[in-house]
Amino acid sequence: MLHTKRKLSKTTDTSSSIPEKTLCQQRQPANGERDDEILKDETEFCQLITKAGYIFKTGGSANQLNVDQAVFQRDLRKSLKSHQNYPEVIDEFLETLRNLLEDPVRLRWSLMPTLTTPNSTSARGENQDSLIRLLLGIDLLQELTDKMLEMLEVVPTNFQCDIIASIPDIINDSDHSEVARRLCDLLLESRELRIPILDTLSNLNIPSETVTETRATVLKTLPSVEIEDLPVVIKFVLNNLKPEDAFEIISELRNNLDFKASFPPANSSTPRKKKNNLDFKASFPPANSSTPRKRKASDKTDRGAEFLTIDAFRSILRFQKTVCDNWIKVIETVKTPAEHKPLDLLLLILLHSLELRRKPVESLLRNKIRAGNFTEVLLQVTFGSHSEVLEEYSPSVLNIAEVLLKSLEPIISYFGSTLYQKAFVTFNTFCKQEVISNLVTHVGSGITAEVDAALDTLVVLGDQTTEKMASFGTFIKSILDFLDNLTLSQIKKVYTVLSVLAYQGGQEGHKLQDDISIMIRKQLTNTNPKYQRMGVIGALMASKSMAAAGTSTLTHSASTSSQEAVTTETQQKIVELLEMVRSSTARTPEAIVLFYDELSKVVLKGELESNVESWINETIINDFQEDFIVDIEPASSSNLMAVELKHGLDNLSGDDGGIALNLTPLLHKEENMTTGRGSFFSSKERVVSTITLASIFRLLRICEQSQHGSTLEGIDALLGCPVYLPQSSALAKFSTLSNAEKQLICTSYFHCLNWFREILNGFAMVGSAEIKEKVVLRLRDIVEMQKILQQLLGDFPVYKPPMINFDHDNLEVQIPIPFAGSSNKTGGKRGKKPAAKNVLLLFQTGDKTSEKVVDLSAYRVFFRELDLDVFVLLQNGLSLKISPEISNNDENDSNLKLGPSEIQFLLDDLTRKLDHSLLTSQWNRKTAFKSRIDKKLGFSNLDLYTPLEITTRMVELLPVLCQILEDTSAFFQAIIAENDGVLDGHTMFSGDAVLLASCMELLLHSLNRILSWNGFLKGENRQLHKQTLQVLATRIGTLEGSQTGTKELLRHAFHYLVKFSESLPTFSSSVMLTRLLETLLLQVEDKELREELVKVADSFLKRDWLGSDGLKEKGAKHNQNIETLLRIQFMNVEDALKHLETFSTIALEDLVAEAGKKNVCSSVYPTLNRSTYSTFYKSFFHYLVDVVKSSACQAGENREAHQKCLQNWLQVVKVFKLLVDQIKIFGGRPVLASSMKYGRQLVESFKGQAVPLLNRLFRTHKEDVLNLLKNLQASTRYLQHVCNYVKGSKDAGLTRLVPPLRKSLESIIYLIMAMMAENKCKGAFWIGNLKNRDLQGNEILSQSTQNSVSVASNENQSEESDVIPDDDQSDVELEEETHTGSPALSEKQTKEGLADEDQEYESEDF
């Protein structure tokens, strides 16, 4: 019977608060008693816990403990073990506890923390563990496990969570497996208990099979997991992963975790979020939502969960190397932009924050950006959805941006620039300052590409976030102190951003105006032309910003009078500034030319008021006619040579007169002023220099267009006016003239050519039929004059043309090799073709051609830039005469059509412009050599337009390009038909065929550049992308309807372009077509098109291509093209490993069979010969390693996946052996380098991926494992001979590859040894002696014999490879008297080692 005893009052001494043991029974409290009685009864439970110091309450208050919980557990354990009825007392103890806990009140207080009595001095704190947790911490009472699991089925959910959370601290280790099984069952039944169950399972020691099953279950339910539960789920999934399972589990986790959808973007009401032009409507509540506060609270909760999730990732990545390595591999295997998620970028940023992972992460980022997988769109989505997290990791973000911006590849540098821009727009003020500081540091690096990228970023930020940037104007202003270290184009960017901030940046920017003005005046008044040109740039950028600021002020001005006052004041300042520039540079032709050119750009973009333009027309342009234009008079001559009128297009008769360009006489006058009377720069007369001719006309033409429309009626006489040039007789005897005469003739033709190019720029868009015809004639004059210049420069190679563009610092341009072709074959690199041999043939016209013809591409910097308007001439079409009976010319427009030379001239310039302006993710080969001429020169006018504007104009031109491509293809099809289907008939390499072959390659190049523009990935450009595809798709005439989807358009465009593969004349054009098809295929996932692309690439490799000289193609460019075709083939084939095995077997064995012939060549793949063998070999090895690193050779979790992976490894080792065996036959230096480099990578992958798999399958797939190891040993053994040979050759480049290769070869021996030992085959290893041998297997007697390892076999050693002698039984070369183990397995030892498992093995020798 239970009794109770009233608790002492608060005034009672606490030392007597614990009553003595008495028989007591629980009763209801009497009137006036408090419900806080102490439970006392005769049960063993009550006596034992009371003796140990626990006070069990019966009322509504917490239980108490008057000792520390550890002391309580110790005393209770001793009492139980020393009890006279042990172990029966355990059952009685638990039975009593079960009865007591049936009362919900008692159960509740038993699960609540226990209070420490005030008189306790040894306890750890005021609160200690609950009774249940304390009892479960005693191993003798662990029978409580079953009771706890039973209680989970009946108690409420909140109690269930408490019980589950206490399990790891309570149950015995022996019960972990059973508890885990029960919890896994409960995991599927209750979503509310999912998180506490996972948290508990993470702290239990459970079998791997259970963990695997639970992970699979959790991964399937991951899409439905609540946001706040993600951290626990991720920790459980990624905790303690096995290396062999990590790749597959991480892949599934990544696929099931949509990080973009899980977390909505931050509230866009803040100003800094308005810069993200992303549509997140689905993530926000509707405008009429009645619960804004709940939504705000929910967003706050989501943000907290997001940080916890990222922290969970970081903690796992920080301490688990396996997870880090495999997560990088998983991201690396994603091949298309559509498959990438913001999670990929976030994880890479987290990995980069770990110092040990920075290099792999940076390498992966470069590869992904280079391949077009990481795009600006992905960056926008990531910053739009996870800006707070990125801000938390801003140091890593800025470090990554810094590394990428430094890249020499434009696409990678652009990504780094975009990353900086997003960081500035999104992050807080402190981070903004770090961004600006980093960019200013980049500017001071002195590396041209890095400086340009940093300044471009500053210009974009200054234009888009002017007011925010103005706060950091002081940082940017510091660049003015280092202008001497910058190029002129970079100085222009500096002045652009500073002028925008100074005149459009509000109060903060206004402080910069005085500094800029002072700097400009100092530079303009300097007598050094270099600083004057800096001042010109600064003044014009300031004028442009002042005009824009004035326009902005007018927009916000209320009254008309105030508007007029602002306009007048702004215009007056601009005019004063321009007048100062004009007067300061009057005697410096270089500065005048730059002033005219830069001013024309400002006027062209409409950035000046009409009154300012009128002032320009009146004060600057009026001198043009007086300086350069003369009336036509009877033939006159200079003191040096006779001149005549040439290239006149107007029919002048009688006394009509006319005007002419006074070119050669003016040049002679300048020469006299310079050599006879001293420098004309110091003359008191007004300076008239011919180098200003083209620039002043350009300014005249642009002002005319701006003020009077595009008809150019006021200056149309200049289009057809003739030019005074040296007489033709002087050209005929050019080689006999003096150097001064040659100088005058060449300079005259250079200036005339630039004059015609500016004429072409000005009148190309005029719609008059008469004007169009004259423009075509001027284009023909340009092409003809270029041919004349080529011949003149061939006879006068020391000539340096006059510089005509002064918007760069490279005024002393060094002309590279002047001759395009040379008969001297000595001194060149072996196997390398002349740099531009095709150019020599390209300009032959049927007449006698000079032996010395110069490639004018080296002189591009001396020519005026063509505008985009010029390419409208391509609409005139191509004039062709396929045969005497067949022609595509119409009688009405034959004068307007362009010949192959004109088409080639325009297309060559077009492709260079597209290469410069449109960023793509194409696989462009980088060169380690620095060009003598900056490839960015000559595009200053093009840079006025954005890539979007250029692409839009190219899309309008696309039908014309397609028509020319079709006409060119028809030309070659007709030639093939005439030659009875022979693809390389003699007519393919003569006449217009060579020109049209070049045109076809340029056309395909242009199409590829347009279609691969990365701007198409942006949402706002998708319609333009669709329009581009529609142009191509409609060319085949099978497309119906205008609502066709993008995927269908891509398919039609692909089929349209594939048809040209049958009529390609050159190997380079076939490669360009293949790249174009690949570009389309990257935008759509289509298995059928992918197979067709592989077939096309394969057909090109199987064709015997000839160059324009009728000989087999060879050289570095040809090898690069082969490498491109092989890459496209291997990256798009469905089963890359099978294709690689088949391809390498057929191609290489076929070549080996013909190895004895002089001009050895594969009969199946004619492109494979001695000169291209190293390229094929390197590609085979490279993509074999790629296959090994892919998921195809990653072991899965089930038996079928293991078996498939084993078969893949058998194929890999087979191909590996085939490639290594090739060294004996074609063992050149490139082959050795490839075998050592990629051989080591393959061995390393074998160690990490194959060895664990073989260890699993050793007993069940013994025969396959042994065959694999046998083939591997033969290959690794021969690689040892390669190392010996390389060491003896003393080749520094190859020798550095020896140590890492040998390290890998040694380490794999120990791994295989460990595998054999684990499978009870340790006795199968023995040590033999390795004799050093050369590549053919001959013993190197001069070197000492070294110890190594080998394979034991009961079969005759002579049955080994016929290339490796009998006594060569080693895999690893060691130092003398050094012994190591090696996987050596004999039939007898294998059977002995596995006798206990009753395994039967056949005889194997490997």
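The values are calculated or read from the model by the stated rules, or taken from the named source; none is laboratory data. Small disclaimer: the values here were computed from a predicted structure and weren't measured. Backbone-built Cβ (ideal geometry, glycine too); neighbour counts: all protein chains shown. With ligands, DNA and RNA removed, areas are computed over all heavy atoms of the protein, side chains included. Shrake-Rupley method; radii C 1.70, N 1.55, O 1.52, S 1.80 Å.
A few remarks follow.
- Applying the criterion of being in contact with a Lys or Arg (Cβ under 6 Å, 6 or more places away or on another chain) and of a type in the set (A, V, I, L, M) to the residues of region 450-487, the residue that is farthest from V403 (Cα to Cα) is V459.
- The condition of being of a type in the set (D, E), modelled with pLDDT under 75, closer than 19 Å to S202 by Cβ and part of a helix (DSSP H, G or I) holds for D175.
- Members of region 754-802 that are in a loop (DSSP other than H, G, I, E, B) and farther than 23 Å from C703 by Cβ: F796, P797, V798, Y799, K800, P801, P802
- Test set (1) in contact (Cβ under 8 Å) with a residue 40 or more places away in the chain; (2) open to solvent by 10 Å² or more (accessible area, probe 1.4 Å); (3) not acidic (D, E) - S445 fails condition number: (1)
For (1) surrounded by 17 or more Cβ atoms within 10 Å (Cβ to Cβ); (2) more than 29 Å from G899 (Cα to Cα); (3) modelled with pLDDT of 65 or more, each residue gets a yes or a no:
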site	(1), (2), (3)
R925	no, yes, no
L948	no, yes, yes
P959	no, no, yes
C962	yes, no, yes
A974	no, no, yes
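- Test: L390 is part of a helix (DSSP H, G or I) and open to solvent by 10 Å² or more (accessible area, probe 1.4 Å): no
- The criterion of at least 1 residues that are modelled with pLDDT under 90 and open to solvent by less than 10 Å² (accessible area, probe 1.4 Å) is met, among helices (runs of 4 or more DSSP H) falling completely within region 1180-1260, by 1199-1221, 1251-1257.
- Boolean, K321 is at pLDDT below 85, closer than 30 Å to A246 by Cα and surrounded by fewer than 17 Cβ atoms within 10 Å (Cβ to Cβ): no
- Cβ pairs under 6 Å, 6+ apart, first in region 45-65 and surrounded by fewer than 21 Cβ atoms within 10 Å (Cβ to Cβ), second among the basic types (K, R): none
- Lone unmet requirement of (1) of a type outside the set (D, E); (2) free of Cβ contacts under 8 Å to residues at least 60 places away in the same chain; (3) in a helix (DSSP H, G or I) for L204: (3)
- Single residue of region 1298-1323 satisfying the filter (open to solvent by less than 10 Å² (accessible area, probe 1.4 Å) and over 20 Å from S1275 (Cβ atoms)) that is modelled with the highest pLDDT: N1319
- Restricting attention to region 1238-1284, the residues being closer than 20 Å to I1225 by Cβ and in contact with a helix residue (DSSP H, G or I) (Cβ under 8 Å, 6 or more places away or on another chain) number 11.
- The set of residues from region 33-60 being of a type in the set (G, A, S), in contact with a helix residue (DSSP H, G or I) (Cβ under 8 Å, 6 or more places away or on another chain) and more than 15 Å from L97 (Cβ to Cβ) comprises G53, G60.
- Selection from region 755-776 of residues that are over 14 Å from L649 (Cα atoms) and in contact with a Phe, Trp or Tyr (Cβ under 6 Å, 6 or more places away or on another chain): E758
- Cβ-Cβ contacts under 6 Å between residues 6 or more apart (or on different chains), taken from a first residue in region 790-801 that is closer than 14 Å to A858 by Cα and among the hydrophobic types (A, V, I, L, M, F, W, C) to a second residue that is at pLDDT 90 or above and open to solvent by 10 Å² or more (accessible area, probe 1.4 Å), are absent.
- Qualifying position, being at pLDDT 90 or above and over 13 Å from D909 (Cα atoms), among N888, N876, N892: N876
- Candidates R1103, R1090, R1127, R1051: the one that is charged (D, E, K, R) and under 23 Å from I976 (Cβ atoms) is R1103.
- Those residues of region 508-537 which are among the charged types (D, E, K, R) and open to solvent by 90 Å² or more (accessible area, probe 1.4 Å), in sequence order: K511, D514, R521, K522
- Residue check, I197 buried (at least 18 other Cβ atoms within 10 Å of the Cβ) and part of a helix (DSSP H, G or I): yes
- Test: residue in region 347-368 that is at pLDDT below 90 and touching a strand residue (DSSP E or B) at 6+ places or on another chain (Cβ under 8 Å): no
Yes/no matrix, rows are residues, columns are (1) outside any loop (DSSP other than H, G, I, E, B); (2) at pLDDT 90 or above; (3) closer than 27 Å to F863 by Cβ:
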site: M580; (1), (2), (3): yes, yes, no
site: S583; (1), (2), (3): yes, no, no
site: R587; (1), (2), (3): no, no, yes
site: F595; (1), (2), (3): yes, yes, yes
site: E598; (1), (2), (3): yes, yes, yes
site: E607; (1), (2), (3): no, no, yes
site: A635; (1), (2), (3): no, no, no
site: N639; (1), (2), (3): no, no, no
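- Some residue of region 280-287 being at pLDDT 85 or above and closer than 19 Å to T426 by Cβ: no
- The condition (being open to solvent by less than 30 Å² (accessible area, probe 1.4 Å), modelled with pLDDT under 90 and either under 23 Å from E670 (Cα atoms) or basic (K, R) (or both)) is satisfied by just one residue among V813, V798: V813.
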